[in-house]
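Shown next, in structure tokens, is the structure this report addresses.
The values are calculated or read from the model by the stated rules, or taken from the named source; none is laboratory data. Only a predicted model underlies this, so the values are computations on that prediction, with no experimental measurement involved. Here Cβ is always computed from backbone atoms with ideal geometry, including for glycine, and neighbour counts include all displayed protein chains. In case anyone asks, the SASA skips ligands and DNA or RNA and just uses the protein heavy atoms, side chains included. Shrake-Rupley method; radii C 1.70, N 1.55, O 1.52, S 1.80 Å.
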Amino acid sequence: MKGKLSGQLRALFAPRDMTQGEPWRRIAEFAVPMLIGNFAQQLYNTADSIIVGKFVGDNALAAVGSASPILNFLLALFVGVSTGAGILVSQYFGAKDREALSKTIGNCITLTALVSALLLVAGPLVARPMLALLDTPASILNWCEEYLVIFFVGGAGFFFYNILSGVLRGLGDSLSALGFLLVAAALNVGLDLLFVRRMGVAGVALATVLAQGISAALCFLRLRRMREVFSLDRASMRPDRQYVARVARLGLPSGVTQAIFSMALMLVQSLTNSFGELVIATNVIVMRVDGFAMMPNFSFGQAMTTFTGQNVGAGRIDRVRQGARQGTLLAVGFALVLTAAILFFGQTLMGFFTETEALIDLGVRMMRILAVGYVVMAVMQSMAGVMRGAGDTLTPMWISLLTTVGLRVPIAYGLAYFTRSEAYPVGRPEAIYISALCAWIMGALVNFIAYRKGRWRARVREYSGTEVGGGAG
């Protein structure tokens, strides 16, 4: 009995072959644990905000939120490497190419170490100048800088967790990453409570860095135990220009997309800062709740990338369209349920972060503006996930450029300008959220059109007839 149970557990946490069985079932088996994992990861930032808001104050809450866009921008290219790695891993795993799979994973680990060292040196040097460029209020400037510097100095855990969990997901194992995140999230909350009373905002950053480092170590140990699937030794980790170039070709468009998105958020953050501390703090709360509402979309988007990548690698092109349709319907269903829950319990959720009534009322009003967008984003992320899994990472990049820089930023500033009044001298804060909703709707429409008629079909034909894991262009 014990041996049977042990075998079932090993099968549960083993790499998952998504080229067999009902597509919707394979997608759900992958996406649901990842959704729970994303929930746990969102707890990092949410716990930071709740604890710092309750124990330090609303200005400290604003400081954590103002630092986030800069952190996201400087880490964007690294996230792109993680995306490229996940796509290649899924394709090579589907093709059962052990040598290519081993070298891809090993080179990603080496590349991560180099990026970690670079940001360790450069990050603290650019933190304060970038905060100044964003017109960060003087009342929270020092707190913002402390928060960022600690993240950069101890950021290796974050970098390695993202790359290693991306590898696990490419192998179809979303359950292991889930378990490691749950452990790290619980540890993060405990350390937050321990450090914040003594160190304030800096303590929150330190707690998160330590928790992420532990989750990265657990991911590495899990990969070391997958010897039957790939090899992780010095030979595989030795830099190989061929594999680094493949990861870069697939990952850089995703990294540029993240950089563009983060840059747009920085521009919007500059506008948000002009509204003052009350709106800044409200925006932090809304973005934390927004993170939970977005989780089904990002989870199913990643599931579609892995599903598509494995089936392209295995030559099972017939399953890609079927999986795209079924996966999108699942994503929309999850988004509807979670969005309804957030709207229904919105005021209660806002109350976890602060007791200031003005903050709670303004936050609820802004969440209602964004509500429809979460369902729309389910379609956008699913379609983009299929295109990325097929190797077409350029099309989602250009769509992101169009919707975030070309649409969201001008709408935000334009609405703020045209709604100026005596009561709102710099415009109404609703401009920030209306612009986001418009960008999401346009992004979903363009992604759907690109999926129906786009270049990802050519990428599928190329992979099915030539080498798996070729370039993104």
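A compact table of results
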quantity	calculated
Tally, over segment 395-415, of residues that are buried (at least 18 other Cβ atoms within 10 Å of the Cβ) and among the small types (Gly, Ala, Ser)	2
Selected residue (only one of LEU178, LEU191 is crowded, with 22+ Cβ neighbours inside 10 Å and part of a helix (DSSP H, G or I))	LEU178
Output for segment 221-239, where each listed residue is part of a loop (DSSP other than H, G, I, E, B) and within 19 Å of SER90 (Cα to Cα)	ARG225, MET226, ARG227, GLU228, VAL229, PHE230, SER231, LEU232
Top-ranked residue of segment 239-294 - restricted to ones that are closer than 23 Å to ALA390 by Cα and basic (Lys, Arg), ranked as most open to solvent (accessible area, probe 1.4 Å)	ARG241
Output for segment 128-143, where each listed residue is hydroxyl-bearing (Ser, Thr, Tyr) and under 25 Å from the mean Cα position of the chain (by Cα)	THR136
Check on LEU164, within 14 Å of ALA63 (Cα to Cα) and modelled with pLDDT of 85 or more	no
Residue tally, condition at pLDDT below 75 and open to solvent by less than 60 Å² (accessible area, probe 1.4 Å), over segment 18-52	13
Qualifying positions in segment 199-216 - of a type in the set (Val, Ile, Thr), under 15 Å from LEU181 (Cβ atoms) and either open to solvent by less than 10 Å² (accessible area, probe 1.4 Å) or assigned to a loop (DSSP other than H, G, I, E, B) (or both)	THR208
Positions within segment 416-433 being surrounded by 19 or more Cβ atoms within 10 Å (Cβ to Cβ) and part of a helix (DSSP H, G or I), in sequence order	ALA416, ALA431, ILE432, TYR433
Residues within segment 206-259 that are over 30 Å from ILE399 (Cα atoms) and among the small types (Gly, Ala, Ser), tallied	9
Matching entry among LEU210, LEU187, LEU171 (being over 20 Å from the mean Cα position of the chain (by Cα) and either farther than 14 Å from CYS108 by Cα or modelled with pLDDT of 85 or more (or both))	LEU187
Unique residue being under 22 Å from the mean Cα position of the chain (by Cα), open to solvent by 10 Å² or more (accessible area, probe 1.4 Å) and among the hydrophobic types (A, V, I, L, M, F, W, C) when the list is PHE307, PHE334	PHE334
Any hit, segment 344-359, residues being within 29 Å of LEU401 (Cβ to Cβ) and open to solvent by 20 Å² or more (accessible area, probe 1.4 Å)	no
Whichever residue in segment 378-393 is under 16 Å from the mean Cα position of the chain (by Cα) and open to solvent by 10 Å² or more (accessible area, probe 1.4 Å) and, among such residues, is farthest from ILE449 (Cα to Cα)	ARG388
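Residues checked against (1) free of Cβ contacts under 8 Å to residues at least 40 places away in the same chain; (2) within 13 Å of MET34 (Cα to Cα); (3) in contact with a Gly (Cβ under 8 Å, 6 or more places away or on another chain):
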{"site": "LEU267", "(1), (2), (3)": "no, no, no"}
{"site": "VAL286", "(1), (2), (3)": "no, no, yes"}
{"site": "GLY301", "(1), (2), (3)": "no, yes, yes"}
{"site": "GLY313", "(1), (2), (3)": "no, no, yes"}
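Rundown of residues vs (1) among the hydrophobic types (A, V, I, L, M, F, W, C); (2) under 22 Å from LEU168 (Cβ atoms), yes/no style:
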residue	(1), (2)
MET226	yes, yes
SER231	no, yes
ARG234	no, yes
TYR243	no, yes
ALA248	yes, yes
GLY251	no, yes
MET263	yes, no
VAL268	yes, no
LEU271	yes, no
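Yes/no per residue for (1) at positive phi; (2) touching a Phe, Trp or Tyr at 6+ places or on another chain (Cβ under 6 Å); (3) open to solvent by less than 30 Å² (accessible area, probe 1.4 Å):
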| position | (1), (2), (3) |
| --- | --- |
| ASP97 | no, no, no |
| THR104 | no, yes, yes |
| LEU120 | no, no, no |
| GLY123 | no, yes, yes |
| LEU131 | no, no, yes |
| ALA138 | no, no, no |
| ILE150 | no, no, no |
| GLY157 | no, no, yes |
| LEU171 | no, yes, yes |
